[in-house]
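Notes follow once the structure below has been shown.
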């Protein structure tokens, strides 16, 4: 029983973080209709930003994650306004080519300028856990989860209550009409893309206390990100969070009766089963 | 007309002379196929450092004397996965015309690269452990480390001996292993040795080396009554495991299976969390303090086991070229197979020499046990005077 509780706790904590990492992907698809295959590279960018801030000033990566959000967002917005917008209305194939190409460019730029070393941080709570009735709650996981929830709430407030959020949703619904209302389509779309990449970069900063960064770290998370986003319903930000937690729980609980190597297999079996019954994902959101 | 005939004859003579092979060449190229990017780049970088030091030394001493002072040139190729390694070796041999290859650290990658060197008849020297490497009946692969199963058995036997020294009789162990050929082979060695000693393996979990969350594994260890933990890992997974063990306040002695547990980065990243961690290794720098200090002066850090082993292997290859007086890969291969080389970095290896048996496996190599103590790796088995053993936080009195 304890081991089931332990697995559930670990699953929920991990899952919340998966949710924040994947929400950017969902957002970008929901608003812009583009599947950004290079999303995981922004995780890498976020991790590096938080690492360098920690390395230079000793500031905890969780705080540094907010800076990572801004930097990741800025890079994303820039990439959108210079590069991706040219394929925004083109064929899906063109979009795939551009975003997949970006994977190689971003990874190799990181490799050239930052080297291939695995970098990790040392924080005071990294090797600590809280004992709650013999369930060990890992401190870095808990802190990451809390930060993820806070940012999810902030995101929801942004999308529903702020002017930018409304502009993003209006542009997604009907670009011609929103332009007629004075919303600058290109600026809004760049900001939306940047918001998406920034959120994933934030996720990177938040996992840094327990993960290590190197130029190819994106490849370790990309499949998980897509699974979470699609499971929750591509386009639904709430779905990403819910999807994340479900994915975390499935992976964690499966290790109780299956070998650890089958963690992903268990996940994909459940994932395919869910999609077979509900192809649009669990919480189909703003759709295209 | 006579002059045209004369110059044609001269050209023919010149061309035929350049094909004699024993003609003096200006450089001899040696291929280095190691991971220079990706998760194992640290190992490749360490190997590169050692090889560059050795090459500089050889060339400064006048190059390969039997080939009229031919200089040695290293040609690097990044091998991050088996497919890339095969292609890289092909290119190194056919385009760059290397006469020997050194690589590839990761057992899986070495297996792929050595298939190509065998086909092309070029000698390859490796440190990779997997048993399979020297069990394919190949003539052109040479392994300077003991086999994974031997290393695995020694990991258990030496750890049990250390436990005895500390007054703890081992009857239950936990085994965690990355599931590619290195981890699988070595964990089998540990498992079999434990069985022979009548010790129960209460946790036996394989995991993919790219694992991002090790808590399920550590939860299992915590719930068991293992007295020793044997993780066989590369870099990232090693750090995740040690951190998670510390987080769950598990003070059971940890005996790493080489790989990620014996590189400088492990100590740098974990700081004092690394103290006390034991690991098996094929070679350690404290066997030759003078060489280690010289290396440290250049690179600011002690030479890791892959630096020692690959540089010793490389120096063996160069020595073989000199002995063979030829750049014919097969003659070089024969020289490697019959030589016993005891200078250079070989002096830092167990038994101070490099030699191979008829399968290409080392006949001088021997696993030893080291322990992290304040950022340094100290050899704790075989016992030598002055080497302290720390067990569960305190120094063992012998």
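Details
- The sole residue among B:116, B:98 that is at negative phi and surrounded by 23 or more Cβ atoms within 10 Å (Cβ to Cβ) is B:98.
- Within the stretch A:255-275, considering residues that are facing another protein chain (nearest Cβ under 9 Å) and under 18 Å from residue B:221 (Cβ atoms), the one surrounded by the most Cβ atoms within 10 Å (Cβ to Cβ): A:255
- Residue check, residue A:167 in contact with a helix residue (DSSP H, G or I) (Cβ under 9 Å, 6 or more places away or on another chain) and closer than 23 Å to residue A:147 by Cα: no
Here is a yes/no grid of residues against (1) away from chain B (no Cβ under 14 Å); (2) surrounded by fewer than 23 Cβ atoms within 10 Å (Cβ to Cβ); (3) touching a strand residue (DSSP E or B) at 6+ places or on another chain (Cβ under 8 Å):
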site: A:189; (1), (2), (3): yes, no, no
site: A:198; (1), (2), (3): yes, no, no
site: A:203; (1), (2), (3): no, no, no
site: A:207; (1), (2), (3): no, no, no
site: A:212; (1), (2), (3): no, yes, yes
site: A:225; (1), (2), (3): no, no, no
site: A:229; (1), (2), (3): yes, no, no
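- Taken together, B:336, B:390, B:332, B:321 contain a single residue that is in the same structural domain as residue B:155 (by TED's automatic domain parsing) and either in contact (Cβ under 8 Å) with a residue 60 or more places away in the chain or surrounded by 19 or more Cβ atoms within 10 Å (Cβ to Cβ) (or both), which is B:390.
- For the stretch B:192-202, the criterion of being surrounded by fewer than 23 Cβ atoms within 10 Å (Cβ to Cβ), within 13 Å of another protein chain (Cβ to nearest Cβ), at pLDDT 90 or above and not in a loop (DSSP other than H, G, I, E, B) is met by no residue.
- Failed item, numbered, when residue B:230 is tested on (1) within 12 Å of chain A (Cβ to nearest Cβ); (2) buried (at least 24 other Cβ atoms within 10 Å of the Cβ); (3) at pLDDT 90 or above: (1)
- Given (1) within 23 Å of residue A:138 (Cβ to Cβ); (2) crowded, with 24+ Cβ neighbours inside 10 Å; (3) more than 9 Å from chain A (Cβ to nearest Cβ), number of the condition residue B:152 does not satisfy: (1)
- Failed condition for residue B:87, given (1) in a helix (DSSP H, G or I); (2) farther than 23 Å from residue B:40 by Cβ; (3) out of contact with any helix residue (DSSP H, G or I) (no Cβ under 7 Å at 6 or more places or on another chain): (2)
- Qualifying residue in the stretch B:208-215 (condition: crowded, with 23+ Cβ neighbours inside 10 Å, within 13 Å of another protein chain (Cβ to nearest Cβ) and within 25 Å of residue B:390 (Cβ to Cβ)): yes
The values are calculated or read from the model by the stated rules, or taken from the named source; none is laboratory data. All figures in this text were calculated on a predicted structure; none of them were measured in a lab. Note that each Cβ is placed from the backbone with ideal geometry, even for glycine, and that neighbours are counted across all protein chains shown.
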